[in-house]
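The values are calculated or read from the model by the stated rules, or taken from the named source; none is laboratory data. Everything numeric in this text was worked out from a predicted model, so none of it was measured. Neighbour counts are summed over all protein chains in view; Cβ atoms, including those assigned to glycine, are modelled from backbone coordinates with ideal geometry.
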């Protein structure tokens with residue numbers, strides 16, 4: 001309870017504009033807390049979706065999108081949407097997240113099918129995270145769904161949820177899924193001193209999406225519906241590989257996995273910039289990528305190993321050790337997972353095995 005009140009107090013300090021007080025009772029909480037200045041109490045109040053909320057059918061001004069390479073979150077499936085205010089446009093960026101106009105809301109829904117071999121059947125939605133651009137500042141809001149799947153309620157303190165499913169190999173699995181609190185969202189989304197989106201870069205959106213009218217490149221679609229400007233010829237836009245595509249080289253797949261799972265921190269302007277380890281797929285300097293690089297600060301996180309990446313020797317590489325670990329003081333990424341992404345770490349292991357000294 002002490003941790004809960006500390007979190008709530010920190011959020012209340014961000015209140016800026018006086019408005020009518022609305023007392024909101026959070027689900028499964030015993031106390032009433034005024035959160036009217038933080039966000040709407042219910043997800044349905046935003047009007048993102050039409051019909052039964054659990055079907056996640058977007059309203060006409062809400063655009064579904066996907067990423068070429070998605071962040072691993074304990075095998076959770078995700079459905080993403082963007083609401084860009086009418087009459088405004090996102091601006092194309094060559095190598096960074098799009099420049100979204102004020103009022104943009106990015107919507108990410110996390111769910112688990114009962115059986116991963118039937119990904120669209122018996123879906124249980126756990127949470128919806130919103131990133132809202134207010135006057136150039138991004139605010140993160142988590143909403144937790146009720147058991148009936150009829151509504152999601154704002155929850156600033158986070159929550160642990162029991163989740164079970166049948167995996168792709170037919171085995172039963174279960175985990176304790178963690179919905180982050182508002183402050184934890186900054187752990188991944190902080191760039192410099194600002195909260196920023198991670199996924200919707202041109203390189204991630206440069207791929208095909210199946211719209212109701214047919215398949216189309218997402219960047220072209222955004223341009224055609226009038227929410228994206230300054231898009232160059234697609235031939236000039238780079239594309240991040242899908243690490244799930246077996247037709248793509250191991251190097252490109254592993255580098256894509258490292259970018260989406262690690263590079264939001266491990267980049268020149270990220271929270272882990274002082275490590276000197278930069279994991280964007282576009283990084284071409286072997287030393288900055290970690291090849292033959294000693295850690296800035298040795299400790300249990302290094303596992304007693306000497307270098308971030310040792311070409312040909314994943315078991316002697318700190319990077320491999322940390323992405324395979326589930327120990328809270330060792331594992332990387334530090335947030336967003338409680339188990340190991342078996343397929344992802346296998347890719348990185350094979351990439352290091354095939355890596356030759358001097359190669360990025």
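Can you pull out every residue in the stretch 177-222 that is modelled with pLDDT of 95 or more, assigned to a helix (DSSP H, G or I) and either outside the structural domain of residue 162 (by TED's automatic domain parsing) or surrounded by 17 or more Cβ atoms within 10 Å (Cβ to Cβ) (or both)? The answer is 202, 203, 204, 205, 218, 219, 221, 222.
When residue 110 is tested against (1) farther than 30 Å from residue 326 by Cα; (2) at pLDDT 95 or above, exactly one condition is not met: (1). Could you tell me whether residue 17 is within 18 Å of residue 145 (Cβ to Cβ), assigned to a loop (DSSP other than H, G, I, E, B), modelled with pLDDT under 95 and not assigned by TED's automatic domain parsing to the domain that holds residue 219? It is false that residue 17 is within 18 Å of residue 145 (Cβ to Cβ), assigned to a loop (DSSP other than H, G, I, E, B), modelled with pLDDT under 95 and not assigned by TED's automatic domain parsing to the domain that holds residue 219.
Inclusion of residue 230 among residues that are modelled with pLDDT of 95 or more, more than 22 Å from the chain's Cα centre (by Cα) and within 29 Å of residue 99 (Cβ to Cβ) is warranted. State whether the residues of the stretch 38-57 include one that is within 28 Å of residue 232 (Cα to Cα), surrounded by fewer than 14 Cβ atoms within 10 Å (Cβ to Cβ) and over 21 Å from the mean Cα position of the chain (by Cα). Scanning the stretch 38-57 turns up no residue that is within 28 Å of residue 232 (Cα to Cα), surrounded by fewer than 14 Cβ atoms within 10 Å (Cβ to Cβ) and over 21 Å from the mean Cα position of the chain (by Cα). Applying the criterion of being more than 20 Å from the chain's Cα centre (by Cα) and under 16 Å from residue 54 (Cα atoms) to the residues of the stretch 65-123, the residue that is surrounded by the most Cβ atoms within 10 Å (Cβ to Cβ) is 114. Considering (1) more than 23 Å from the chain's Cα centre (by Cα); (2) part of a helix (DSSP H, G or I), the lone condition that residue 254 does not fulfil carries the number (1).
Within the bounds of the stretch 281-295, is there any residue that is at pLDDT 95 or above, within 27 Å of residue 169 (Cα to Cα) and not assigned by TED's automatic domain parsing to the domain that holds residue 76? No; the residues of the stretch 281-295 include none that is at pLDDT 95 or above, within 27 Å of residue 169 (Cα to Cα) and not assigned by TED's automatic domain parsing to the domain that holds residue 76. Among the residues making up the stretch 287-317, those that are touching a residue at least 24 places away in the same chain (Cβ under 8 Å) and part of a helix (DSSP H, G or I) are 289, 300, 301, 314. Taking the stretch 233-251 as the range and being in a loop (DSSP other than H, G, I, E, B), under 29 Å from residue 344 (Cα atoms) and over 20 Å from the mean Cα position of the chain (by Cα) as the test, the residues that pass are 237, 238, 246, 247, 248, 249.
Within this structure, residue 8 fails the test of being part of a strand (DSSP E or B) and at pLDDT below 50. If you filter the stretch 129-156 down to residues that are out of contact with any strand residue (DSSP E or B) (no Cβ under 9 Å at 6 or more places or on another chain) and either at pLDDT below 95 or not assigned by TED's automatic domain parsing to the domain that holds residue 76 (or both), you find that the one that is farthest from residue 200 (Cα to Cα) is 135.
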